[in-house]
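To start, the structure itself, in structure tokens.
The values are calculated or read from the model by the stated rules, or taken from the named source; none is laboratory data. Keep in mind the model is a prediction, meaning the values are calculated, not measured. Neighbour counts run over all protein chains shown; Cβ positions are idealised from the backbone, glycine included. Note: areas computed on protein heavy atoms with side chains; ligands, DNA, RNA excluded. Shrake-Rupley method; radii C 1.70, N 1.55, O 1.52, S 1.80 Å.
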Amino acid sequence: MTERIYLLPLWLRLWHWTNAALIITLGITGISIHFASPSTVLVEFSLAVRIHSIAGTLLVALYAFFVVANAISGNWWQFVPKPPGILARCWVQIQYYCWGVFKGEPEPFPVTKEANFNALQALTYWFIIYMVLPVTVLTGLIFLYPQFAPSRIFGVDGLLPVAVLHYLSAACILLFAVAHIYLGTMGKTVTSLFKTMITGWHEH
Ligand code: HEM
């Protein structure tokens, strides 16, 4: 029998898909800017810079909205990795993703209204949203207003560490997005988790 629970409020779903669209836009234009060369052009350089600046500014506002809405609604608690035994639960979940799911085994930690994420999701979502994304957003903001960057850090130009941190944190988010979309196919059916993110209803 299929059981349905209403899991995700509208604001969270709107945040998720706007965030996804902005991250994809920033990824494509960011790659175009970072690997700019006269021979290979993904998006023309000056256009890529303009789109990247606009999408980046929108992401700053969207991130601020998410942090506030997540705090006010109490949804932040879902994102907190909860010991004890979190690593053991992550390992069980990894085994399920690697082979359990292909053998038709039941989900080790089924979704409930109280615990939307399994341990691996809580850990990765917390890390990406609350540890990595703020670094990308903050370093991006410094790039938009370089007058606020220190002129020198550890004997090098002050913008160099900002650039390295921006690049590494953004690469981390893009790698996450690839794994995230793949793991998004591991619901009851290949499309059911994507449907949940659109309708808010979870089926299991
Ligand atoms: C086109 C790109 C994307 C697609 C197709 C996609 C798809 C999905 C799917 C199917 C889920 C439900 C699976 C689950 O409960 O874990 C989900 C949840 C989630 N995604 Fe994405 N995603 C995308 C991009 C992103 C990006 C770029 C981020 C963050 C940087 C992100 C963060 C999240 C978070 C935090 C959740 C959990 C939301 C909640 O249930 O409260 N997603 N996504």
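Numerical summary
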item	result
Residue order for His52, His34 - accessible surface, 1.4 angstrom probe, largest first	His34, His52
Area accessible to solvent at Cys172, 1.4 Å probe radius, in Å²	50 Å²
Crossing angle, helix 10-34 versus the chain [Cα axis fit, 0-90 degrees, rounded to tens]	40 degrees
Surface per residue (accessible, 1.4 Å probe) for the chain, Å²	61 Å²
As computed over the chain, the Cα convex hull volume per residue (Å³)	160 Å³
Heavy-atom accessible surface of region 92-204: percent carbon and sulfur, 1.4 Å	75 percent
Computed over region 120-204: relative contact order in percent, which uses C-alpha pairs under 8 Å that are six or more apart	22 percent
Convex hull volume of region 1-81 per residue (C-alpha atoms, cubic angstrom)	144 Å³
Around Trp201: net Lys/Arg minus Asp/Glu count, Cβ-Cβ under 14 Å	+3
Surface/4 estimate of mean projected area, convex hull on alpha-carbon atoms of region 106-204, nm²	8.2 nm²
Vicinal HN-Hα couplings computed from phi for region 119-125 (Karplus, 6.51 cos²θ - 1.76 cosθ + 1.60; Hz; Gly/Pro x)	4, 5, 5, 4, 5, 6, 5
On Cα atoms only, tilt of 45-73 relative to the major axis of the chain in degrees	40 degrees
Top of Tyr63, Tyr167, Tyr145 by mean-square fluctuation, Gaussian network on the chain, Cα under 10 Å	Tyr145
Lys113 accessible area, assembled protein chains, probe 1.4 Å, Å²	120 Å²
Using alpha-carbon coordinates, inclination of helix 159-183 to the longest axis of the chain, degrees	30 degrees
Contact order normalised by residue count of region 51-129, Cα under 8 Å, 6+ apart, percent	36 percent
Gaussian network model of the chain, Cα within-10 Å springs - most flexible of Pro38, Pro161, Pro83	Pro38
Sequence of Tyr96, Tyr130, Tyr182 when ordered by accessible area, the most exposed leading, probe 1.4 angstrom	Tyr182, Tyr130, Tyr96
Cα gyration tensor, region 73-157 - rounded (a/c under 1.5), prolate or oblate	prolate
Sequence of Ile72, Ile33, Ile198, Ile86 when ordered by accessible area, the most exposed leading, probe 1.4 angstrom	Ile72, Ile198, Ile33, Ile86
For region 102-115, Karplus couplings with θ = phi - 60° (6.51, -1.76, 1.60), whole Hz, Gly/Pro x	6, 9, x, 5, x, 4, x, 10, x, 5, 10, 5, 6, 10
